[in-house]
């Protein structure tokens, strides 16, 4: 079975939290960031993560300075017109600014009280999906 994750970023998606499943192609862990690449050509970059817990059941990250989620608009063809980037920037201990650019263009500020930066569950295999430079 391939490694897969269902994601939730600051309690806000992608889509409804934990609603979508993404098959993990590569997981790059380096000083100051975690980069997750998915088979569907989508990716998630977590910058300055802290309080990191990685297990066979998923990844949990308590805090992060920025999270960038690159995805294709759901239900649309995969092309440059449907590619969207959602960027989550921590404002302070209470709020995150979410900026979406691409197929969707919006900006909002969300409360992060009681939420963790990155939460996921699924099944992660080690070996071909793990690369630590």
Discussion item. How are the alpha carbon pair distances in region 31-90 distributed across 5 Å bins from zero to the largest one, expressed in percent?
Written reply: 4, 17, 24, 22, 16, 11, 6, 1
Practice prompt. Can you figure out the FRET efficiency of residue 111 with residue 26, using R₀ = 35 Å and their beta-carbon distance, to the nearest 0.05?
Written response: 0.60
Item to complete: Assuming R0 = 25 Å, can you tell me the calculated FRET efficiency for the pair residue 63 and residue 19, based on Cβ-Cβ distance, to the nearest 0.05?
Response: 0.60
Worksheet item: Rounded to a whole number of µm²/s, how large is the Stokes-Einstein D of the chain at 25 °C and 0.890 mPa s, given Rh as the Kirkwood radius over C-alpha pairs?
Response: 164
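Every read-out reported here was derived from the displayed coordinates using simple, explicitly stated rules and does not represent laboratory data. Predicted model only: the values in this text are computed from it and were never measured. Reconstructed Cβ throughout: ideal geometry from the backbone, glycine too, with neighbour counts over all protein chains shown.
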